[in-house]
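I have placed the structure first, in the form of structure tokens, so that the comments after it can refer back to it.
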Amino acid sequence: MAKKGIIVPQITYDEFKHFVELKGSIHEKYIRFNEYQKSHEKQDRKSFLWDKNLIFFPRKINGKFCFLHRIKPDIQIVVEIEKLEDLTIDFWIQYFSNFDKFIVLSPKYEHEVSYIGGGCPPIETDDGWLIIYHGVHDTVKGYVYSACAALLDLENPQIEIARLPYPLFKPELEYELKGEVNNVCFPTGTVLIDDTLYIYYGAADEQIAVVSVSLAELLMELNLNTINNDK
């Protein structure tokens, strides 16, 4: 397979802001997080829009590629891509001109109030796509990164079905609380064996750890916290 290179949008924040604001205002947090990038631009070099945590769904949906990505503070989704070569500058201009339609998850609860981002590749279940992502809360001790869980619709993953109102797990142990970056549990990969879901995560940006959970019990808990049941 040939290397495709950078597939996230190679545009500046000012260009992103211009296209998004063609159909309305932009959330102030987008300005806050990307102004930091602008302030570190070199005189002879512009910084592109800060886009991270790109994660493909493990199979095509309705015959098309689909992936999550993150422009702070939300998680966005790209759907219905025939081939990666379609991710042209014209594609991104159209995408950002309808940006609100592609924000799939936004910070909602206290443990993720600052910003959220992708984590593990989506897991296909009968109840929907299980998304293990990371949520960040700015505290007096600095940012705290926790693992979070949500469900997206199988055939239309732009639709959020359910979300845990609390962290799936959070920094509590010594090697999670202190390291290269303190207070970090950053989920990155999973292995499913029978009903046991093993979640591998970065601990304080210094070590790799793993936790496990019953997939059936996790889905049951998520189904108690569907959007319809949200209070």
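Taken together, the values in this text are just the output of simple stated rules run on the coordinates, not laboratory data. Predicted model, so just to flag it, every value in this text is computed and none were measured. Because the Cβ atoms are built from the backbone with ideal geometry, glycine has one as well, and the counts that use them run over all protein chains shown.
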On a 29 Å Cα-Cα criterion, which of the cross-link pairs Lys60/Lys170; Lys52/Lys170; Lys23/Lys52 come out too long? Lys60/Lys170
Neighbourhood net charge (13 Å Cβ-Cβ; Lys/Arg +1, Asp/Glu -1) for Glu82: 0
Expressed as cubic angstrom per residue, what is the convex hull volume of the alpha carbon set of segment 83-218? 145
If you stretched the chain out fully between Ser25 and Leu173, how much longer would it get, using 0.36 nm times the residue separation minus the C-alpha to C-alpha distance? 49.1 nm
Between Asp205 and Asn62, what length in nm is gained on full extension when 0.36 nm per residue of separation is reduced by their alpha carbon distance? 47.8 nm
For the pair Met220 and Ser47, how long in nm is the line joining their label points, each one 7 Å along Cα→Cβ? 4.7
Kirkwood hydrodynamic radius of segment 9-105, from inverse mean 1/r over distinct Cα pairs, in Å: 14.2
Please arrange Arg59, Arg70 by counting, for each residue, the other beta carbons lying within 10 Å of its beta carbon, fewest first. Arg59, Arg70
Label assignment, volume of the Cα convex hull per residue in Å³ derived from the structure, set (1) 159; (2) 131; (3) 110: (1)
What is the extension gain from Ser106 to Ser212, computed as 0.36 nm multiplied by their sequence separation minus the C-alpha to C-alpha distance, in nm to one decimal? 35.6 nm
Lys and Arg at +1, Asp and Glu at -1: add these up for the other residues within a Cβ distance under 11 Å of Ile61 and post the number. -1
For Asp14 paired with Val140, estimate the spin-label separation in nm (one decimal), with each label point 7 Å from Cα along the Cα-to-Cβ line. 4.1
